[in-house]
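All remarks here apply to the structure that follows.
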Amino acid sequence: MTGLKDQLGQAVDRLGDELATLSHRIHDHPELGFQEVQASGWLSEFLTAKGFKVERGIAGMDTAFRASIETGDGPTLAILCEYDALPGIGHACGHNVIAAAGAGAGAALAALRGALPRGRVQVIGTPAEEGGGGKVRLIRGGVFEKVDAAMMIHGLDAWIGHPDLLGIMRLVFEFAGKAAHAAMDPWEGVNALDGVIQTFNNVAMLRQQVRPDARIHGIITNGGGAPNIIPESAAATFYVRAPDLDYMWQLVERVEACAHGAAKATGCALETKRLDGHYEPMKRNAALLDTFRANMKILGVEESPPMPGRAGSSDVGNVSQVIPTIQPYVQIAPAGTPIHSRAFEAAAVTPLARDGMLKAAKIMAMTTLDLLAEPALLARAQQEFIASP
Ligand SMILES: [Zn+2]
Ligand SMILES: [Zn+2]
């Protein structure tokens, strides 16, 4: 096995320049969720050229894909790619690195397909992680039904095997008031923007009373048309996050109550919406994590200490609730670089990001090999999945 692992590492190194080009190309052409036409196209072309059978437009999403190689009857392992960007700040979440690392791991395995234990390797392209919930649709579309375990990596400023993820629900509040001239007839108006601002103030007070690991944050998506018109409509979107779903749903109700109170206070009508497809917390899988960490060690990668209080959310959490799944963090930015920042966007194409991307590709390929080669390991991951809540 050590021999095969060395060969996987060499295969990734041979692909290094090609993978870096792919990563930079995606980075330099940022596309928002469900609009990742170029990124999903480039990844599909790359994987086709490396010998994968690629199905595009799966689970009703044009920019989702499934690339497969098969070496006979055996387990099915999935490596997940993300490639959507953020509005305004491009690839400040580094999904270009996730995409290239996943494609690189797949390509290295494909290069050694003649020597692989029997089974299937799938590289799955998952659109719109940033709020669109592409993986939620892939789950609903049955894409993970015949997959035994899944893995992906995410870039950060440190290597961390298991990041906790918070459950997240997205809420939309639409306030309706009555337009009037803001100077001549303001008493004839009902100010919808005041409803939004009062909601923010109510949430700011609520925030003092929530558990420290919960997060509530929002933006105003419609603040009115012009200062000389009392806004007749205004709207805000809030994200409510918590490490367990019960607490998240409690907070959702309390945030909705903040908006209802604001509507009452300002005399506005209010429509509240819970956006479809909440994200779930990450279920831990020690069997998969231990394997990933053992392969980190082979490459001499040191893990950083856990970072309590610094947790995001992802639809990979939902995948982790249906099959054994891991999403380790890989260092692609200097320590201390905040994610979703312009500095992180710039870091995602540096030599450090290339190094993290290639190491991640090797570790995922080696971990996939371990899972194909040792049925007992996969069985342990699945028993653990069933036994843990
Ligand atoms: Zn992000
Ligand atoms: Zn991300």
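Yes or no: region 288-296 includes at least one residue that is within 16 Å of ligand 1 (Cβ to nearest atom), surrounded by fewer than 23 Cβ atoms within 10 Å (Cβ to Cβ) and not aromatic (Phe, Trp, Tyr). Checked region 288-296: no residue is within 16 Å of ligand 1 (Cβ to nearest atom), surrounded by fewer than 23 Cβ atoms within 10 Å (Cβ to Cβ) and not aromatic (Phe, Trp, Tyr). Going through region 346-358 one residue at a time, which ones are assigned to a helix (DSSP H, G or I) and touching a residue at least 24 places away in the same chain (Cβ under 8 Å)? Matches in region 346-358: Ala347, Ala353, Arg354, Gly356, Met357, Leu358.
When Ala343, Ala361, Ala365, Ala381 are checked against the criterion of being among the small types (Gly, Ala, Ser), more than 15 Å from ligand 2 (Cβ to nearest atom) and either free of Cβ contacts under 8 Å to residues at least 12 places away in the same chain or in a strand (DSSP E or B) (or both), Ala343 stands alone in meeting it. Ala347 falls short on exactly one of the conditions (1) buried (at least 20 other Cβ atoms within 10 Å of the Cβ); (2) within 16 Å of ligand 1 (Cβ to nearest atom); (3) under 16 Å from the mean Cα position of the chain (by Cα), and that condition is (3). Quick check, is Ala101 part of a strand (DSSP E or B), crowded, with 24+ Cβ neighbours inside 10 Å and touching a residue at least 24 places away in the same chain (Cβ under 8 Å)? No: the conditions fail for Ala101.
Within region 267-275, not a single residue is under 30 Å from Leu372 (Cα atoms) and touching a strand residue (DSSP E or B) at 6+ places or on another chain (Cβ under 6 Å). With respect to the conditions (1) surrounded by fewer than 24 Cβ atoms within 10 Å (Cβ to Cβ); (2) among the aliphatic types (A, V, I, L, M); (3) out of contact with any Leu (no Cβ under 9 Å at 6 or more places or on another chain), Leu377 falls short on a single one, namely (3).
Counting residues that are without any contact (Cβ under 8 Å) to a residue 60 or more places away in the chain and closer than 19 Å to Thr126 by Cα, which helices (runs of 4 or more DSSP H) fully inside region 1-88 reach at least 3?
37-49
List the pairs whose first member sits in region 272-293 and is in contact (Cβ under 8 Å) with a residue 24 or more places away in the chain and under 15 Å from Ser388 (Cβ atoms), whose second member is in a helix (DSSP H, G or I) and among the small types (Gly, Ala, Ser), and whose Cβ atoms are under 7 Å apart, counting only residues at least 6 apart or on separate chains? From region 272-293, the pairs are Glu280/Gly317; Pro281/Gly317; Met282/Gly317; Met282/Ser320; Lys283/Ser320; Asn285/Ala381; Ala287/Ala381; Leu288/Ala381.
Per-residue answers, yes or no, for (1) loosely packed, with under 15 Cβ neighbours inside 10 Å; (2) of a type in the set (S, T, N, Q); (3) within 16 Å of ligand 1 (Cβ to nearest atom):
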{"residue": "Glu18", "(1), (2), (3)": "no, no, no"}
{"residue": "His27", "(1), (2), (3)": "no, no, yes"}
{"residue": "Thr71", "(1), (2), (3)": "no, yes, no"}
{"residue": "Cys81", "(1), (2), (3)": "no, no, yes"}
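Scanning region 182-201 for residues that are within 40 Å of the chain's Cα centre (by Cα) and either of a type outside the set (Val, Ile, Thr) or part of a loop (DSSP other than H, G, I, E, B) (or both) yields Asn191, Ala192, Leu193, Asp194, Gly195, Gln198, Phe200, Asn201. Per the listing Gly102, Gly72, Gly90, the residue uniquely at positive phi and within 16 Å of ligand 2 (Cβ to nearest atom) is Gly90. Give the residues of region 128-181 that are within 13 Å of ligand 2 (Cβ to nearest atom), part of a strand (DSSP E or B) and small (Gly, Ala, Ser), sorted by residue number. Gly155, the sole residue that qualifies.
Values in this text are rule-based calculations from the coordinates and carry no lab data. Here the structure is a predicted model, which means the values were calculated and not measured. Counting neighbours? That spans all protein chains shown, and the Cβs are built from the backbone with ideal geometry, glycine included.
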